[in-house]
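What follows is a set of notes on a single structure, which appears directly below.
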Amino acid sequence: ATPPSWLPAWTLEQGRELVTTLFGATFDGAPAGTFSAPGRVNLIGEHTDYNGGLALPIALEHRTHVALRLREDSRVRLVSAQGDGVWEADLEAVAPGAVTGWGAYLAGVAWALRQAGHDVPGFEAAVDSCVPFGAGLSSSAALEASLAIGLDALLDLGLGADDAGRSALAAVCVRAENEIAGAATGGMDQAASLRARDGYALALDCLDGSVSHEPFVPAGCELLVIDTRAPHSLNDGQYASRRATCDAAAAALGVPTLRHWLDAAPDAASAVADAQARLDDDVARRRVRHVLTEIDRTRLAHEAMRAGDWSAFGTLMDASHESLRVDYEVTVPELDVAVGVAREAGALGARMTGGGFGGSAIALVPGGTSDAVAAAVVAAYAERGFAAPAFLTSRAAGPAA
Ligand code: ADP
Ligand code: MG
């Protein structure tokens, strides 16, 4: 049988060298600085961010690196080892709907910084990344955050120095992705990339944007990430439609967000029952049940993490996946198989992570068993004729720097 394919994280030095070399080969001279930002996996709390909910991501050791130099004029010139040729634009011409392609994520960051009142000139940037693309591990936020933290440093904005400033940078990245790259994103990814802390999970409250940090040291376990490599063509329209359904349900319930509905109820079960009684559409009822129970599970998972109860944590991961599969309908066979096989192979819990429709799954597995679990997933995929998956492991790593 084919052995599992592992995606190792680069060291900071490796990443720095790669982007410095790419910079020199593409633009004249040397960069003024190199920066990097992590991808993320969300441990639990999926499709909750745009509902004012809770999420519990960790930053990955896998990072996107950028070598950066400011220009005197307003031109932006970009190259990526994962892109095609040099992407160019003039910052004066960047506006919603005006630019396309991967460079829009970066031009968008500069545009959003300008919108926030900062004086941002043009720049040259060379990018390389070991975060897999489109795998639900947030290569897009890693890309945005690497530039945001780089511009912050080179322009002396001082936003990277504390969590309030990093929160402002995360908001800039969200605007870049939503308004310039034209991709819907709820804010969890950018928060994880900019506000995580080394060794900690980020407990993110999307209602007020506040965070707390919880040590993520799963004793006797390790976190296995399975990049299903499933094509996720339906992603865009489906994400927007889930969001629209939630917004409409909140409006029908007379609350600003579904989180408000949950917090106004004595417990999650009665919040679900009361919502279901008032909503007349079965699809909306199920979508709302996912969101309300998922926010509750995230709270419980945070408590289990604090208590070091990884068995309870795993059970909540399993329940999260089932809710996403049955009620929210954002899984695909590749995700369900990965999760099922990981559980059979001994995982304490497993679930899809990220938006769904492909992307990645995570499994909390007993220490030292990642290889065996990965091999079982590879075999199950081969048997079903799925594309070969890829794997990585990570501890909770540090934020953009
Ligand atoms: P995810 O964030 O889950 O990886 P997205 O669809 O949100 O998936 O973002 C992927 C897109 O982000 C890519 O199609 C590309 O446009 C852009 N991107 C991410 N990383 C890079 C990179 N290193 N170089 C060029 N473009 C990138
Ligand atoms: Mg993304």
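The values are calculated or read from the model by the stated rules, or taken from the named source; none is laboratory data. Predicted model only: the values in this text are computed from it and were never measured. Note that we place each Cβ from the backbone using ideal geometry, even for glycine, and neighbour counts take in every protein chain shown. We work out accessible area using only protein heavy atoms, side chains counted, and drop any ligands, DNA or RNA first. Shrake-Rupley method; radii C 1.70, N 1.55, O 1.52, S 1.80 Å.
At-a-glance table
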quantity: For the range 290-296, 3J(HN,Hα) per residue [Karplus equation, 6.51 cos²θ - 1.76 cosθ + 1.60, θ = phi - 60°, Hz, x = Gly/Pro]; calculated: 4, 4, 5, 6, 5, 5, 4
quantity: Square roots of five times the Cα gyration tensor eigenvalues for the chain, Å; calculated: 34, 26, 19
quantity: In range of the label at A265: residues from the range 184-226 whose backbone nitrogen is under 19 Å from the point 7 Å along Cα→Cβ; calculated: 206-207
quantity: Label point distance in nm, A1-E329, each placed 7 Å from Cα along Cα→Cβ; calculated: 3.4 nm
quantity: Residue-level accessible surface for L22, protein heavy atoms, 1.4 Å, Å²; calculated: 40 Å²
quantity: Per-residue ³J(HN,Hα) for the range 261-273, Karplus 6.51 cos²θ - 1.76 cosθ + 1.60, θ = phi - 60°, Hz, x for Gly and Pro; calculated: 4, 5, 5, 7, 8, x, 7, 5, 4, 6, 4, 5, 4
quantity: Residues whose placed amide H lies under 5 Å from that of L60, excluding near-sequence neighbours; calculated: G39, R40, V41, A397
quantity: With DNA, RNA and ligands ignored, accessible area of L262 (1.4 Å probe; Å², nearest 10); calculated: 10 Å²
quantity: Under the Karplus curve 6.51 cos²θ - 1.76 cosθ + 1.60, θ = phi - 60°, whole-Hz ³J(HN,Hα) for the range 142-150, x wherever Gly or Pro sits; calculated: 4, 5, 4, 5, 5, 6, 4, 6, x
quantity: Prolate/oblate/rounded label for the range 307-357 (Cα gyration tensor, a/c 1.5); calculated: oblate
quantity: For the range 26-92, with +1 on Lys and Arg beta carbons and -1 on Asp and Glu, the positive-most of L60, L91, H47 along the dipole; calculated: L60
quantity: Charge dipole magnitude, Cβ of K and R +1, D and E -1 - the chain, Cα centre, debye nearest 20; calculated: 300 debye
